[in-house]
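The values are calculated or read from the model by the stated rules, or taken from the named source; none is laboratory data. This one's a predicted model, so the numbers in the text were calculated from it and none came from an experiment. Please note: Cβ atoms are built from the backbone with ideal geometry, for glycine as well, and neighbour counts cover all protein chains shown.
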Amino acid sequence: MIILRLHIDAVERESKLDLEHQQLHTLICTLPDLIWLKDVDGVYLTCNPRFEQFFGVPVANIIGKKDYDFVDKNLADFFREKDLLAMSKSSPSVNEEAVTFAVDGHTELLETTKTQMLDSNGKLIGVLGLGHDITQRKNNEEQLRELNEKLREHEKREIYLSTVQASQHILNNLLNQLQLFKMEAEESTDFDKDVLKLFDAVLHEAGGLVLNLSTVTHITKDNIKSSVAPR
């Protein structure tokens with residue numbers, strides 16, 4: 001009876017392990033991320049269907065091979081460098097990489113996380129990799145950056161326009177004061193005529209500047225400079 005009980009317990013444990021293995025396999029196969037496992041020499045031990053799309057071949061044709069069998073040497077060297085880095089660290093190693101899928105030629109930007117794999121005795125047996133597609137996220141971030149840049153430019157133009165309008169108001173007040181001063185000077189019999197001519201030139205230049213500023217409606221650095229440039 002004891003032997004039978006031990007046998008039944010062993011069968012139940014094995015059955016439980018098989019179930020857990022099947023559940024884990026199902027989970028890995030249904031995840032939208034690329035998942036793969038290599039040994040310490042960079043030889044593939046397994047991968048999920050999403051990773052199969054990357055190399056364009058089924059897992060049976062990937063197991064036992066290396067990156068050099070599927071991608072160019074520069075990319076394979078890059079993968080190997082990141083594998084070695086991950087296996088040398090006690091914490092996950094994360095990097096971004098753009099890859100082209102052999103299955104249809106499309107490109108994705110992946111956020112790749114790699115971590116060392118240890119056996120029950122703590123011995124290094126390989127590296128586990130997970131690649132998460134961040135293409136859309138990066139596109140959204142770029143669109144948001146461009147939108148923020150456009151908003152900043154719009155705010156700057158509004159500030160420029162307010163500054164121009166304020167400057168126009170100040171210059172117009174100054175022009176009125178100069179005009180009044182000139183009128184009073186003309187009424188004086190002993191005022192220097194050459195000074196009056198100078199006032200005429202100043203009033204003419206200031207009037208032209210005020211006129212130019214009053215026509216500024218679309219603010220750019222170029223038309224701000226041109227509006228105050230000497231004629």
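Residues in segment 117-134 that are surrounded by 14 or more Cβ atoms within 10 Å (Cβ to Cβ) and either charged (D, E, K, R) or more than 16 Å from TYR44 (Cβ to Cβ) (or both): 3 in all.
Matching residues to (1) farther than 15 Å from ILE35 by Cα; (2) not hydroxyl-bearing (Ser, Thr, Tyr):
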position	(1), (2)
GLY64	yes, yes
MET87	yes, yes
PRO92	no, yes
LEU110	no, yes
SER120	yes, no
VAL127	no, yes
LYS138	yes, yes
LYS150	yes, yes
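Taking the condition of a type in the set (Lys, Arg), surrounded by 12 or more Cβ atoms within 10 Å (Cβ to Cβ) and either modelled with pLDDT of 90 or more or not assigned by TED's automatic domain parsing to the domain that holds ALA98 (or both), does LYS150 pass? Full working, then the answer.
Numbers: of a type in the set (Lys, Arg): yes; surrounded by 12 or more Cβ atoms within 10 Å (Cβ to Cβ): no; either modelled with pLDDT of 90 or more or not assigned by TED's automatic domain parsing to the domain that holds ALA98 (or both): yes.
So LYS150 fails the test.
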